[in-house]
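Taking it in order: structure first as structure tokens, then the write-up.
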Amino acid sequence: MDRRRLLLLGIVAIAIPLFIWLQFFEIPNKVEIGEERMQQDPEQHEFEKVLSFENDYMGNASNISNLFGALPLHQYKGTLALNPEHLSLTMNYEVSTDELQGKAEQAVIYNTTAAFVLIHNLEEIEMHFQDHSYIVTRENVAQWFGNDFQALLDPEVFKKEVQTPLVEGETEKMLAAFMKGE
């Protein structure tokens, strides 16, 4: 009988800490990793998480850097250069578009739209990847969305107008409109 009790006590002594570790450490960490992966995908990114970066002026370099650090493809973010004379910015990514299998084009649409919606005087964004560059102007994006950027500040409207078309395969059409004249 004593051996059975000791064995049972040993199993319980191992099982309880293991259960606690799983419940409070392992499972929450996997949830955080899953959420982080969602934030890297333009189709699943939660726009409300970047609303705090709204600013009237592009001159706040740390705000813009933090904004692009919270947008899709932030894990590939390289250097950021601001040109206040032309109200433009250049974002360099340390990855090729081929490696991203279509997500680069979606991110160009998502990130530039988010930046124009949130940074009110930003006029042009140049996104450099290792093998390709995209230049997008506020004017082209405004024409696509009907000049009403204020409406896109609502996360539900942003999801409907920006993310849903990306999911439905309108990336090429949107990208062509965004880069018209470039």
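The values are calculated or read from the model by the stated rules, or taken from the named source; none is laboratory data. Bear in mind that the values here come from a model prediction, so they are computed numbers and not experimental data. Please note: Cβ atoms are built from the backbone with ideal geometry, for glycine as well, and neighbour counts cover all protein chains shown.
Is it the case that Met38 is of a type in the set (A, V, I, L, M, F, W, C), at pLDDT below 90 and within 21 Å of Lys160 (Cβ to Cβ)? Yes; evaluated as a whole, the condition is true for this residue.
For Asn83, state whether it is polar (S, T, N, Q) and surrounded by fewer than 16 Cβ atoms within 10 Å (Cβ to Cβ). Spelling it out, Asn83 is indeed polar (S, T, N, Q) and surrounded by fewer than 16 Cβ atoms within 10 Å (Cβ to Cβ). Here the helices (runs of 4 or more DSSP H) wholly within the range 110-182 that include at least 2 residues being touching a residue at least 60 places away in the same chain (Cβ under 8 Å) and buried (at least 20 other Cβ atoms within 10 Å of the Cβ) are 171-178.
Of everything in the range 122-157 that's among the hydroxyl-bearing types (Ser, Thr, Tyr) and out of contact with any helix residue (DSSP H, G or I) (no Cβ under 7 Å at 6 or more places or on another chain), which residue is farthest from Glu105 (Cα to Cα)? Among residues in the range 122-157 that are among the hydroxyl-bearing types (Ser, Thr, Tyr) and out of contact with any helix residue (DSSP H, G or I) (no Cβ under 7 Å at 6 or more places or on another chain), the one farthest from Glu105 (Cα to Cα) is Thr137. Of all residue pairs spaced 6 or more apart or on separate chains, none has beta-carbon atoms under 8 Å together with a first member in the range 41-70 that is farther than 22 Å from Thr164 by Cα and at pLDDT below 90 and a second member that is of a type in the set (Lys, Arg) and surrounded by fewer than 15 Cβ atoms within 10 Å (Cβ to Cβ). When residues in the range 94-104 are screened for being closer than 18 Å to Gly78 by Cα, of a type outside the set (Ser, Thr, Tyr) and surrounded by fewer than 22 Cβ atoms within 10 Å (Cβ to Cβ), 6 of them pass.
Summed over the range 87-109, residues that are over 18 Å from Phe47 (Cα atoms), part of a helix (DSSP H, G or I) and either without any contact (Cβ under 8 Å) to a residue 24 or more places away in the chain or not acidic (Asp, Glu) (or both) total 3. Can you find a residue in the range 56-65 that is surrounded by fewer than 18 Cβ atoms within 10 Å (Cβ to Cβ), touching a Leu at 6+ places or on another chain (Cβ under 8 Å) and not in a helix (DSSP H, G or I)? Yes - at least one qualifying residue is present in the range 56-65.
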